[in-house]
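Inspection log for the structure reproduced underneath, given as structure tokens.
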Amino acid sequence: MSRQVATDFPPQGDDIAVVAAQLGRRPRNVHAVAHRCPCGNPDVIETEPRLADGTPFPTLFYLTCPRLAHAVSGLEASGLMREMTNRLAEDVALARGYRRAHERYLERREALGAVPELAGVSAGGMPSRVKCLHVLVAQALAAGEGVNPLGDETLTRLAPWWEQGRCVVAEGASRPHPLTGEPFVSPVPPGQGWPGDPATRATPVAVDAPSVRSAAETASLPELTASMSVCRACPRLVNWRETVAIEKRRSYEHEPYWGRPIAGWGDTRPAVVIVGLAPAAHGGNRTGRIFTGDRSGDWLFASLHRVGLATLPTSVHAGDGQRLLHTRMVAAVRCAPPGNKPTVAERDTCTPWLQAEIGIVLGSVRCFVALGSYAWDVLLRVLRVLGADVPTPRPRFGHGVSVLVAMPGRPPVPVLGSYHPSQQNTFTGKLTEAMLDDMLLRARRLAAVGTVTSHSADRATAPPDSTPP
Ligand code: SF4
């Protein structure tokens, strides 16, 4: 990649709008584009040392590319800064080079204007500690190779972030969230305030099947949902979800698209777990929440509300106040697939996320509902891996089919099959509202969740609680 010394390129054309889209806010007092990514977008800006409101601003070089910033956060989370600080105490040549980088930083900033309050203070922990790799990388990119040894070293540890294409594509790329009004670029970088975003800029990113397995094995539920929401292990699906997020459907062109994997959502100690196939390209992939913002979700949430498992009859946007009651919703595959068809390899790569999530919540679960044959097969396979005694051969899927799955050390758990509330099924009458209500009410009763609400009782013809699943 380009490592040109580029400390004084005035912003041109759409640069400020692109940086605003990258940061999710308008940048303040940009003096120059200090480095440009090989994709053409600015990735480091140089900021005046005193802002327009008079505030002293020590951070001369600032990383703007969300992909690069996220990758650097991953290295920070790995403990690299502590290890570098230790080396500075032992390696005289390294310490000398780092101090020289500090001096170069001060020289450059003072060239833009004297700010007495900042005298002798650079950034990132320089000259004796490492407190922010973003600062060091930004200086290394802006000033060129050989200026900041630890910034140079950090860059060698990063995968080429520009190879995924532009992080934002054009002037005005950010769009306001339909509920909060906050601007977001599409896809949404982690940790920028999207309602319900489980990840931060420091959440480690799984990039292949082994790293998915490793991240899923060790995580708590919050860590798991965060990790799966930034996963990039399936190149075809990553490309698809992000292309859809950038190109958008015309009717949603004024909205930001989430464009990331969809984490499980709902009760953290659920009695009922509902398993679907994968997020819809313009539904969950747009709103960031499973079954939210598409026609399948309209059906599903209306039914969940009727049977008393959701607080609202609609689920339109993350942050809309919808809550699942005693229920958790997960997808077998967490990224929107082209044609709703993940490959076998993609399914297998993604299964550890589902397996880990079900493994964590399993203790409280008293009924599973699989929406469609794909979810049915994946769920039974996962339960078997988790130690359940799933009958052999595996029971065939059908609407209303149920199987009792023996679990070690606890009562068997019923697994119910329901047709998926896709338009293919609901438009043709293959699945009616009453049929879906029946299944979800049955799940609720098998899970012994509360009492049946009046608004559900007149719609659903449910079997008695003692009916075997
Ligand atoms: S489908 Fe699953 S494993 Fe593949 S990128 Fe998406 S979240 Fe990661």
Name the single residue, out of those in the range 23-58 being at positive phi and free of Cβ contacts under 8 Å to residues at least 40 places away in the same chain, that is farthest from the chain's Cα centre (by Cα).
-> G54
Taking the stated definitions as given, is R250 charged (D, E, K, R) and within 13 Å of the ligand (Cβ to nearest atom)?
-> no
The range 411-438 residues that are farther than 13 Å from H399 by Cβ and modelled with pLDDT under 95, paired with ones that are hydrophobic (A, V, I, L, M, F, W, C) and assigned to a strand (DSSP E or B) (beta carbon under 7 Å, 6 or more apart) | P412/L404; P412/V405; P412/A406
Here are some residues: R201, R232, R241. Which one is within 13 Å of the ligand (Cβ to nearest atom), charged (D, E, K, R) and surrounded by fewer than 24 Cβ atoms within 10 Å (Cβ to Cβ)?
-> R232
Looking only at the range 307-347, which residues are within 16 Å of the ligand (Cβ to nearest atom) and assigned to a loop (DSSP other than H, G, I, E, B)?
-> A332, V333, R334, C335, A336, P337, K341, P342, T343
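The values are calculated or read from the model by the stated rules, or taken from the named source; none is laboratory data. Because the structure is predicted, anything quoted here is derived from the model rather than measured. Note that we place each Cβ from the backbone using ideal geometry, even for glycine, and neighbour counts take in every protein chain shown.
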